[in-house]
Amino acid sequence: MTNTIQKKFKVSSTQLLYQSCPYQALTLFIVGPFLDGFLTNKNVFAFAYTPQVLFFIVLSCLISVSVNFSTFLVIGKTSPVTYQVLGHLKTCLVLAFGYVLLHDPFSWRNILGILIAVVGMGLYSYFCTREAPKPTEASPQVTQVKEGESDPLIADSLNAAENGAAAATDEPLKVPMWSSKYARA
């Protein structure tokens, strides 16, 4: 869905993440404490938060934002299948680092799974590079956003406001609240 939305609205991964982030945060803020209470039978607001706990919460949030950003970036530039392959690579790396750094025991099942995943990733990369069309100047990869256009999802409303199309009607402008450039007097 991420790839489809990015192509449909011709937005970059950062623009799409910027647009969807408030809705994701609001949903988690409302649903999170109830779900946590349901699953653990403890109230998240009754926990004694120490500076060390707060540090790890903030660190977890930063890691989460970087994972979201990389997800949108990878899917926007490649394909959902490539994202899944990278997800398997991440799993293999987590298992390998767990073994190397934490000395977690490895079973033959873990080793076989990692080997199958690595061979699959190698074959996927090989066939993708063989079938990839050569880029030409006539077909640019990404359509660039016009200079001065901060949000292409509302570009039609802004263009209509600039051309005076909405001035004759009583319909309110569909522009962000922070945009004073197009506000009516």
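Overview of results
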| item | result |
| --- | --- |
| Residue match in the range 105-117 (condition: modelled with pLDDT of 85 or more, basic (Lys, Arg) and assigned to a helix (DSSP H, G or I)) | yes |
| Set 94, 65: member being surrounded by fewer than 14 Cβ atoms within 10 Å (Cβ to Cβ), within 16 Å of the chain's Cα centre (by Cα), among the hydrophobic types (A, V, I, L, M, F, W, C) and in a helix (DSSP H, G or I) | 65 |
| Failed item in (1) more than 24 Å from residue 81 (Cβ to Cβ); (2) of a type in the set (Ser, Thr, Tyr); (3) at pLDDT below 90; (4) open to solvent by less than 90 Å² (accessible area, probe 1.4 Å), with residue 18 passing the rest | (4) |
| Residue satisfying condition, being within 14 Å of residue 73 (Cα to Cα) and either without any contact (Cβ under 8 Å) to a residue 60 or more places away in the chain or outside any loop (DSSP other than H, G, I, E, B) (or both), within set 18, 23 | 18 |
| Residue list for the range 49-62, restricted to those being at pLDDT below 90 and outside any helix (DSSP H, G or I) | none |
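The values are calculated or read from the model by the stated rules, or taken from the named source; none is laboratory data. Given the structure is predicted, the values throughout are model-derived calculations rather than measurements. Here Cβ is always computed from backbone atoms with ideal geometry, including for glycine, and neighbour counts include all displayed protein chains. Areas reflect the complete protein model, heavy atoms only, side chains present, ligands, DNA and RNA absent. Shrake-Rupley method; radii C 1.70, N 1.55, O 1.52, S 1.80 Å.
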